[in-house]
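The values are calculated or read from the model by the stated rules, or taken from the named source; none is laboratory data. On a predicted model such as this, the values are computed, not experimentally measured, just so you know. So basically every Cβ, Gly included, is an ideal-geometry build from the backbone, and we count neighbours across all protein chains shown.
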Amino acid sequence: MSFPPGPRLPRLVQAARVTAEPYAWMAKRRERYGDVFSSRFPFFGRVVYVADPDLIKQVFTGTPTVFHAGEANATVLGDALGEHSLLTLDEGRHLSQRKLLLPPFHGQSVRRYAEVMAATAAAEVASWPVGTPFALRPRMQAITLEVILRAVFGVRDDERMDLFRERIPPLGELNTALDFLPLMQRDLGGFSKAARFRRALAAVDELIYGEIADRRDMLRPDGDRDDVLSLLLSARHEDGAPMTDVELRDELLTLLTAGHETTATGLSWAFERLLRTPRVLERLLDSLDEDEYLDAVVKETLRLRPVVADVGRKLTSAIELGGWRLPAGTLVLPAIAAVHVRPDLYPEPHEFRPERFLDDGAESYAWLPFGGGVRRCIGASFAQVEMRVVLREVLSRVRLRAASERPERPKIKHVTVVPSRDCQVVVEAHLTGAASRARSSVASA
Ligand code: HEM
């Protein structure tokens, strides 16, 4: 069986290259080897990247019994999310959880969370110092965490909220790019990383189970609650059974893991690009009250700086793809970052130009920041609403500039691609009233 062409470099060297330049590495390999190419990495072995929209369509719409996303995700995410996690399940069990989770994340449904998103962003921005450079990504994480806790978990108790805020960040910090290596996952007790991760996870689980128990204990359902947990508590499987506590815990943790840092990173990239592209920032500030250009900015950010550079499907049996016969066990990776900079799909692909999304919208298999098929991100609408709302709140409340003219390099952090300096910015002024319609500066320090 012959595999598609690809670099012959040692696995470690290939891993080092992709980590150093996640987007450029993928795009250059496509230019050199074509739309289907192989690579070899430590732990994952040989993988096959696909960078053609039609072939990616075949992968995304292929039968879920052959294309296992859950298995592929589990290799990088491990088992912390639990046996019911939407991210790591496949086939029938995946479908049955997905049916329960989809309704609260429907486009119309998530608009109801815009208010909590705006209030959270406004409160956060009010605390930003003037004139001192600071990293924006952690501030965006604080917003997106608060939004998940309020809109998805429905936490209202202040004390529990504080404990969540305290206990969740260490979970992310204990997850690094090397964690999928089996050695890093071994719990060697004491202060080994895996042991610290397990303890941090148990501390968060305690809070999640506490929230679930309190909400089940409520004598009558609280009619004014529209958070995702409330909707899941009343959801029923096809046989009429409600979700168990463990199922609810696994899905809440999955939503937190999949939805918090990703959205914060997408927002950080939006600011990183906007503050270095004066023309676009000007036009956005002039049309901040409308959704159209703002939405195009969000789409263009996720095209040029996709938070997740590729997604995986593990084959359970051999398939034909693009003239290649790939054996069972192969990890097939739709190469999002490579498709997004194809000059035939996006002229002058490295330019940050939201206008490209004004007329045509995005073609489904050429614009893939949220993956596709039956595994497409269920938080795609939620994330885009949140990005629009937070961008609008921030830009109308502070005049920002980049701390340095130098663009921030894309860097891999666990499974996402983040700005190398976490998006360093300076607040030039807090804006009030009419002034809030004024400009964010694009000059650099
Ligand atoms: C800009 C922000 C986000 C990006 C870039 C993003 C990206 C992705 C991608 C690429 C996938 C994999 C899709 C595939 O394999 O085809 C995914 C899956 C998923 N995402 Fe998101 N996501 C974001 C925000 C969110 C939010 C806000 C939530 C929920 C609150 C969420 C929940 C999920 C879940 C549950 C899955 C698993 C779906 C399944 O396997 O059926 N994501 N996301």
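General observations
- The single condition among (1) over 30 Å from PHE134 (Cβ atoms); (2) near the ligand (Cβ under 9 Å from one of its atoms) that PHE370 does not satisfy is (1).
- So PRO369, is it surrounded by fewer than 19 Cβ atoms within 10 Å (Cβ to Cβ) and part of a loop (DSSP other than H, G, I, E, B): no
- Of the set (1) within 23 Å of PHE105 (Cβ to Cβ); (2) within 16 Å of the ligand (Cβ to nearest atom); (3) in a helix (DSSP H, G or I), all apply to ARG216 but (2).
- Complete set of residues in region 138-162 that are outside any helix (DSSP H, G or I) and either charged (D, E, K, R) or touching a Gly at 6+ places or on another chain (Cβ under 8 Å) (or both): ARG156, ASP157
- Residue in region 235-248 that is within 16 Å of the ligand (Cβ to nearest atom), closer than 21 Å to LEU400 by Cβ and not acidic (Asp, Glu) present: no
- So LEU285, is it more than 23 Å from ARG215 (Cβ to Cβ) and in contact (Cβ under 8 Å) with a residue 12 or more places away in the chain: yes
- Residue in region 339-355 that is in contact (Cβ under 8 Å) with a residue 40 or more places away in the chain, within 11 Å of the ligand (Cβ to nearest atom), touching a helix residue (DSSP H, G or I) at 6+ places or on another chain (Cβ under 9 Å) and of a type outside the set (A, V, I, L, M) present: no
Matching residues to (1) more than 25 Å from GLU146 (Cα to Cα); (2) modelled with pLDDT of 95 or more; (3) acidic (Asp, Glu):
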{"position": "THR262", "(1), (2), (3)": "no, yes, no"}
{"position": "ALA270", "(1), (2), (3)": "no, yes, no"}
{"position": "ARG273", "(1), (2), (3)": "no, yes, no"}
{"position": "ARG279", "(1), (2), (3)": "yes, yes, no"}
{"position": "ASP286", "(1), (2), (3)": "yes, yes, yes"}
{"position": "LEU294", "(1), (2), (3)": "no, yes, no"}
{"position": "VAL297", "(1), (2), (3)": "no, yes, no"}
{"position": "THR301", "(1), (2), (3)": "no, yes, no"}
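- Region 277-301 - residue that is in contact with a Phe, Trp or Tyr (Cβ under 8 Å, 6 or more places away or on another chain) and in a helix (DSSP H, G or I) and, of those, nearest to PHE370 (Cα to Cα): LYS299
- Restricting region 266-310 to residues that are basic (Lys, Arg) and surrounded by fewer than 21 Cβ atoms within 10 Å (Cβ to Cβ), the residue that is farthest from the ligand (Cβ to nearest atom): ARG279
- Scanning region 413-433 for residues that are surrounded by fewer than 17 Cβ atoms within 10 Å (Cβ to Cβ) and at pLDDT 90 or above, we see that the one that is nearest to the chain's Cα centre (by Cα) is SER420.
- Whichever residue in region 350-364 is in a loop (DSSP other than H, G, I, E, B) and at pLDDT below 95 and, among such residues, is surrounded by the fewest Cβ atoms within 10 Å (Cβ to Cβ): ASP360
- Of all residues in region 49-58, exactly one satisfies the criterion of being aliphatic (A, V, I, L, M) and surrounded by fewer than 22 Cβ atoms within 10 Å (Cβ to Cβ), namely LEU55.
- Scanning region 100-127 for residues being part of a helix (DSSP H, G or I), within 30 Å of GLU238 (Cα to Cα) and among the hydrophobic types (A, V, I, L, M, F, W, C) gives a total of 4.
- Number of the exception - SER2 against (1) part of a loop (DSSP other than H, G, I, E, B); (2) of a type in the set (S, T, N, Q); (3) modelled with pLDDT of 95 or more: (3)
- Of all residues making up region 50-98, the number that are in a helix (DSSP H, G or I), without any contact (Cβ under 8 Å) to a residue 24 or more places away in the chain and within 12 Å of the ligand (Cβ to nearest atom): 2
- Residue in region 387-406 that is under 14 Å from the mean Cα position of the chain (by Cα), within 30 Å of ARG93 (Cβ to Cβ) and either surrounded by fewer than 18 Cβ atoms within 10 Å (Cβ to Cβ) or within 16 Å of the ligand (Cβ to nearest atom) (or both) present: no
- Residue count for region 231-248, restricted to those that are in a helix (DSSP H, G or I) and crowded, with 19+ Cβ neighbours inside 10 Å: 3
- Residue identified as surrounded by fewer than 23 Cβ atoms within 10 Å (Cβ to Cβ), outside any strand (DSSP E or B), within 11 Å of the ligand (Cβ to nearest atom) and hydroxyl-bearing (Ser, Thr, Tyr) among SER381, SER317: SER381
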